[in-house]
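The structure appears right after this line, and notes come after that.
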Amino acid sequence: MDKKKIVVIGNGMAGARVVEEILGRAPGQFDFVMFGAEPYGNYNRILLSNVLNQTQEASDIFINPLAWYEENNITLHAGVKAVRIDTQRKVVMAQQLHPQAAAYAVHTDDAFLGGSFEESYDYLIIATGSRPFVPPMEGFEGEGAFLFRTIDDCDRIAEYAKNCRRAVVIGGGLLGLEAARGLMTHNVEVTIVEAAPQLMPAQLDAESAQILKRTMEAMGLTVLTDRKTARIHKTDGKITSLLFSDGGTIPADMVVVSAGIRPITEVAKDSGMDVNKGIVCDDQMRTSDASVFALGECVEHRGKLYGLVEPIWAQARVMADVISGFNPQAVYEGSKTGTKLKVMGVDLMSLGEKEAGLDSDEVIVYREPNRGIYKKLIVRDNKLHGAILLGDAGAADVLIQMFLNEQSVPGNRSDLLFGAVKGSAFIQAADLPDHAQICNCNGVCKKTIVEAISSGCETVASVGARTKAGKGCGSCRGLIAQIIEAKLGKVSYDKSEHYYVPGVPLEKSQLTAAIKARDLKSVSAVFRELAGGKEDADSKMGLASLLKTIWPHDYEDERDARFINDRVHANIQKDGTFSVVPRIYGGVTSADELMRIARAAVKYNVKMVKFTGGQRIDLLGVQKEDLPGIWKDLGMPSGHAYTKAFRTCKSCVGTDFCRYGLGDSIALAQEIERRFQGLESPHKMKLATAGCARNCSEAYVKDLGAVAIGEGKWEIYVGGAAGGSVRKGDLLCVVNSHAQVLECMGRFMEYYREHGKYLERTYGFVERVGIDVLRGILVDDSLGICAQLDERIQKAVDAYKDPWKEADIPVFAGQFAGPQLIETLRVAENNG
C-alpha cells in the first residue's frame, strides 16, 4: 500500500511534536515534508532567554537534531516559507526566504530569493505559531530596535548590546522579563516598560505583582508600569530616548519589544480557510477544510487561543490519534491552563483565576514581602479555582494536579501551602485518571507512563528514557515513582543515575577509591581497567577532571580526553576563533599591562576587546595558530576563562579609596586568586570579596564570597549564583583574618572537588548536601578530616602550572596549528 504524505507548515515545537506523536502511533506509514521559515531544525523557544544570557549555547536548545529528520524519512525545507495552499489540488506553494528576512514577519516580494515550488499532500498540518506583537508607536524600525522571538534575534540583540549602555524592554509580561534577564548579562542598564498598571497581568494579581516588582528592582532592573511608549526618538539614526504618551521620557541606546504574541494566520486566510483571532479548528483540530489540520499558537479552538506548552501537546495527541487512525473518535475539549516557571530566577506558579468571582469563594493569602514570597488560593465548591505562588513554589505540583483533575481540597486549606502536619500526601498518583498529565514539561500523561511500565520500565530513569517524563524540571519524578510502585509493588533502584560518568558503572566515591587502589592516572587506563576497555566519549572530560583532582602532580594528561578549550587553553567562539583572557588579579591591572594588551590586540588583529563581568579583559577573535604568540607578547598568566576550574575573584575598592570600606577587599581578592588560580573543579568557580555589606562586587551571589563586617572579621558565603539560576549564598562561617578566609575557602573547594558531581555548580552542591552539614564538616570538623582537606588542597595548589607556558613547548604536534598546517602535518605523517 502506498504511503500517505503529510505536509507540515511550521518546524517549531508544535509541528515537530505532532510528527513525533504520529510516528509513535504509526511508524513507517507516512512520508513527511516539513517547512520551516527559520534556517534550522526545531528548538525549544522557551529557552531563548538562556541563549541571550549566555548560560546556554544555541546548539543546546535544539529538540531534534538533523539526524532525526533523516532517520524518520522527513524532508525538511529549512528557511522556506509556505505562501499559499491550493486545497482543490492539495498542494502547498512555497518560496525560499532571504537569509536576512525575519522568519515571523509579514513578507513582501523582496523577502524571497527566487521562484516558488510545490509539495502535494494527503494531509496538511498548519503549525505556523505566532509573531511578536508590536504596540503602536513611532520610530520602531531600523538600527537599535529589536524583537525577541528567535535564535537570530538573540544573536542580533547580543551583538548590538556590546556598544550600548542603556537598554529598554517594552513589555512586562513573561516574555519581556525573560528578555530583560538576558540583557542584564551584557553589561547594560535595563529598564522594563509595561503599559498595564502591573507586571505579568496575565499571571499575577496586583499585590503579588508589586512584590515581584520590588524583587526585580533589587536585582538592578528599573521597572516602569502604566507607561505607553508613543515614540522612539533617534539622533543621526541611533536611538537616544523613549517618549511616553503622558509626555515623560527616558534615555535609551537600544529597545527590545517583547509585548505578547499574535497568531500567524496568513497562509490559511489567503487560502480561503476560516480565520478569526486564529485559524478556526473543531474538536479534532480540523480547519474548515477536512484535509487540513492546525495546532499550536496559530489556532483558535472554541473561541480560545493557547500560548502554553501543555494545551499544544494535548492538541498534538488528538491530531495524531485522528490522522493515524489510532483513535479516529479522539477529541480535544480545551485545556485548563496553569503556569509553573522561573522569572529571572524567581519561582512562580499561576493557575486559573487571579481574583475571587463569587461572594462564596474562599480566598487564602500568605505573604512575606521582605522575602519576596506570596501565596494565594481561591477555593470554590471545595475545588481549587485559582492559585498564585511567588518566591516559593514548593506546593506547585500538588496544586497543579488538584486543579487539572478537579480534586477536592483538604479541610485545612493551609495544609496545601505548608504541608500536612502528618506528612501524608495530598495526591496519590494511583488515583489519578489515565488522561492526567504527570509531566507538564513534556506533556506525558499517566496512561503513557503506565504503558512504559508494562513494557518493562521499572525505574524512574527508564520511564524517562522511554517517554521523556521527568526529563524537564524533574519535579514530577515523585509522581512517576508512585505510579511505578502502584503498578509493580516497588520502584527498582537504577544505579546508573548515580554514576559519576555514564561510561564507568561507579558512583564518585567508588570510582575514586578504585582509581587510587589501582593507581590509574590516565583516562585510557580508567577505561581499560574499570570499563572493560570500552571508551565513552561523553565520559572523558569528567574523568580527566577527576584524575587531575586525585593526582595533582602525577596525572597523565591525554589531550584527546579534553574538550578543544582545554587542549589549547582558550575559549573557542562560534566562528572558530578563540577568546584570550589573561589573569588580572583581583581586577587590578597596571599601565604596563594595559599597553601590552593594546599592542597584542593590534598585532594579532583582535576583533574585539571587552571588559568581562569578572573584572578582566577579553581579547576576542584570535586565530588558533596565533595563541602562542599572543600569550608570549602579553607576558601574563592564563585567566582560565575556558575551563571547569577556579576562574576569578572579583573585588570592590575596599578600604583603599571607598569611604564605606570595612576590609581590604582588593588585597584579599589578590591573595585568593594567586593561591587558587587554575584549581580544577567539577564546574567553574567564580569568587568575590566585598569591603562591606553594600556588596558592590556581588560577593553574596558567587560560588564563594567574603564580605567584610568590620574589626578584621569576614563572613564567608558559599553556593551563590547569579546566572541562569539566582541564589544568595549560605553563610558558612565568620573568620578573623585573611589567612582564615583562605583556609576556610580552601576546605570548601577541596570538599566540593572531592564530593561534587561532574558539572554540578556549587549552588546545587550546597543545596544537595545542606549548609548545616557542610558547616559541621568544614568548620566544626565533625568528621575529623579538616587537616586532610588542608593537606590535599595544598598539594593541588603546589601543582599549579601556567598552561600558557605551552607556548614555548607544545604538548603535541599541531596543538596550535590552523587548518592548513594540520593538513601539512597529516600529509607529512602519511609520507613517513
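Legend: calculated FRET efficiency, residue 558 to residue 486, from the Cβ-Cβ distance at R0 = 45 Å, rounded to 0.05, equals 0.40. Positive end of the dipole of the chain (Cβ unit charges, origin at the Cα centre): among 298, 388, 433, the Cα lying farthest that way belongs to 388.
Using 0.36 nm per residue of separation minus the Cα-Cα distance, give me the extension gain between residue 524 and residue 231 in nm, one decimal. Can you show the working numbers first?
Values: separation 293, 0.36 × 293 = 105.48 nm, distance 6.31 nm.
Once the chain is fully extended between residue 524 and residue 231, it gains 99.2 nm.
Computing Rg and the Kirkwood Rh from the Cα coordinates of segment 550-604 gives a ratio, Rg/Rh, of 1.10. If you model segment 763-822 as an ellipsoid using its alpha carbon gyration tensor, with each semi-axis the square root of five times an eigenvalue, the axes come out at 42, 17, 7 Å, biggest first. For residue 178, the accessible surface of its heavy atoms amounts to roughly 20 Å² (probe 1.4 Å, protein chains only, rounded to the nearest 10).
Using the Cβ-Cβ distance between residue 86 and residue 610 with R0 = 45 Å, the FRET efficiency computed as 1/(1 + (r/R0)^6) comes to roughly 0.30. Averaging 1/r over each pair of different alpha-carbon atoms in segment 207-246 and inverting the result gives 12.1 Å, the Kirkwood hydrodynamic radius. One way to sum up the overall shape of segment 571-646 is the equivalent ellipsoid from its Cα gyration tensor, whose semi-axes run 17, 15, 11 Å, largest first.
Under the definition of Cα pairs under 8 Å and six or more residues apart, what whole-number percent is the relative contact order of the chain?
Computed over the chain, the figure is 7 percent.
Think of the chain as having a plus end and a minus end, set by charges on the Cβ of Lys, Arg, Asp and Glu; of 733, 18, 721, 733 sits farthest toward the positive end of this dipole. Compute the separation of the alpha-carbon centres of segment 583-616 and segment 503-544 and state it in Å as a whole number. Answer, in whole Å: 39.
Between residue 713 and residue 693, 0.36 nm times their residue separation minus their Cα-Cα distance comes to what? Don't skip to the answer; put the middle values down first.
Values: separation 20, 0.36 × 20 = 7.20 nm, distance 1.23 nm.
The residue 713-residue 693 span can extend by a further 6.0 nm.
In summary, segment 36-102 shows an alpha-carbon radius of gyration equal to 1.37 times the 2.2 N^0.38 Å reference for compact globular proteins.
The heavy atoms of residue 245 present about 90 square angstrom of accessible area, all protein chains included, probe 1.4 Å. Here segment 136-193 is treated as a Stokes sphere of Kirkwood radius computed over C-alpha pairs; at 37 °C and 0.692 mPa s its diffusion coefficient rounds to 280 µm²/s.
Projection of the Cα convex hull of the chain, averaged over all directions and equal to a quarter of that hull's surface, yields 41.1 nm². Kirkwood's formula applied to the C-alpha pairs of segment 470-616 gives a hydrodynamic radius of 19.6 angstrom. Here the mean projected area of the convex hull built on the C-alpha positions of segment 577-721 is 8.8 nm². When shorter helices are ignored and each DSSP H run of at least 4 residues is given -39500 (n - 2.57), the per-residue value for the chain at 222 nm works out to -9000 deg cm²/dmol.
Expressed in nm to one decimal, what extension gain is obtained for the pair residue 799 and residue 625 from 0.36 nm per residue of sequence separation less their Cα-Cα distance? It would help to have the intermediate numbers written out before the result.
Working: separation 174, 0.36 × 174 = 62.64 nm, distance 2.74 nm.
Answer, rounded to one decimal: 59.9 nm.
Within the full protein context, the accessible area of residue 122 is estimated at about 50 Å² for a probe radius of 1.4 Å.
Per residue, the chain exposes 45 Å² of accessible surface when a 1.4 Å probe is rolled over the protein heavy atoms with every protein chain present.
Quick check: from the Cα gyration tensor, does segment 125-165 come out rounded (a/c under 1.5), prolate or oblate? It is oblate, given that a/c is not under 1.5 and a/b is not larger than b/c. Between residue 290 and residue 326, the distance separating the two model label sites (each 7 Å from Cα on the Cα→Cβ line) works out to 2.4 nm.
About its Cα centre, how strong a charge dipole does the chain have in debye, to the nearest 20, once Lys and Arg get +1 and Asp and Glu get -1 at the Cβ?
Values: 97 positive and 107 negative charges, 149 e Å.
I would put it at about 720 debye.
For the chain, the longest principal axis of the Cα atoms and the long axis of helix 309-324 meet at an angle of about 50 degrees.
Paramagnetic label reach from residue 507 (point 7 Å along Cα→Cβ; backbone nitrogen cut-off under 15 Å): within segment 737-781, residues 755-758, 768-770. Fraction of C-alpha pairs exceeding 24 angstrom in segment 312-406: 36 percent, rounded to a whole number. The 1.4 Å probe gives accessible areas that order 553, 77, 498, 569, largest first, as 553, 498, 77, 569. Loop-located chymotrypsin sites (Phe, Trp or Tyr not before Pro) in segment 687-721 (DSSP state other than H, G, I, E, B) with a sparse environment of at most 12 neighbouring Cβ atoms within 10 Å are absent.
Sites listed here are chymotrypsin sites (Phe, Trp or Tyr not before Pro) in segment 540-621 whose DSSP assignment is loop and whose Cβ has at most 12 other Cβ atoms within 10 Å, and the list is empty. Spin-label model, residue 202/residue 599: points 7 Å from Cα along the beta carbon direction are separated by 5.7 nm. Two decimals is fine: what is log10 I(q)/I(0) at q = 0.18 Å⁻¹ for segment 663-791, from a Debye sum with one equal scatterer on every Cα and no solvent? Debye intensities relative to I(0), on a log10 scale: -0.94.
Taking 1 over the mean of 1/r across every pair of different Cα atoms in segment 608-655, what Kirkwood radius in Å do you get? Please report the intermediate quantities before stating the final value.
Details: mean 1/r = 0.0796 Å⁻¹.
Computed over Cα pairs of segment 608-655, the Kirkwood hydrodynamic radius comes out at 12.6 Å.
Looking only at Cα atoms, what is the convex hull volume of segment 354-415 per residue, in Å³? Let's see the in-between values first.
On the way: hull volume 5.1 nm³, N = 62.
Spread over its residues, the Cα hull of segment 354-415 gives 82 Å³ apiece.
Restricted to Cα atoms, segment 468-552 shows a radius of gyration and a Dmax of 16.4, 49 angstrom. From the largest down, segment 165-207 spans 32, 15, 14 angstrom on the principal axes of its Cα atoms. With coordinates expressed along the principal axes, the C-alpha atoms belonging to segment 205-310 extend over 53, 40, 22 Å, beginning with the largest.
Kindly sort 413, 262 by accessible area of their heavy atoms, largest first, with the probe set to 1.4 Å. Intermediate values should be presented prior to the final figure.
Values: 413 35, 262 110 Å².
Solvent-accessible surface, decreasing: 262, 413.
Ordered from largest to smallest accessible area (heavy atoms of protein chains, 1.4 Å probe), the residues 408, 492 come out as 408, 492.
The values are calculated or read from the model by the stated rules, or taken from the named source; none is laboratory data. Just so it is clear, the structure is predicted and the values come from calculations on it, not from any experiment. Heads up, the Cβs are rebuilt from the backbone with ideal geometry, glycines too, and the neighbour counts pull from every protein chain shown. Areas reflect the complete protein model, heavy atoms only, side chains present, ligands, DNA and RNA absent. Shrake-Rupley method; radii C 1.70, N 1.55, O 1.52, S 1.80 Å.
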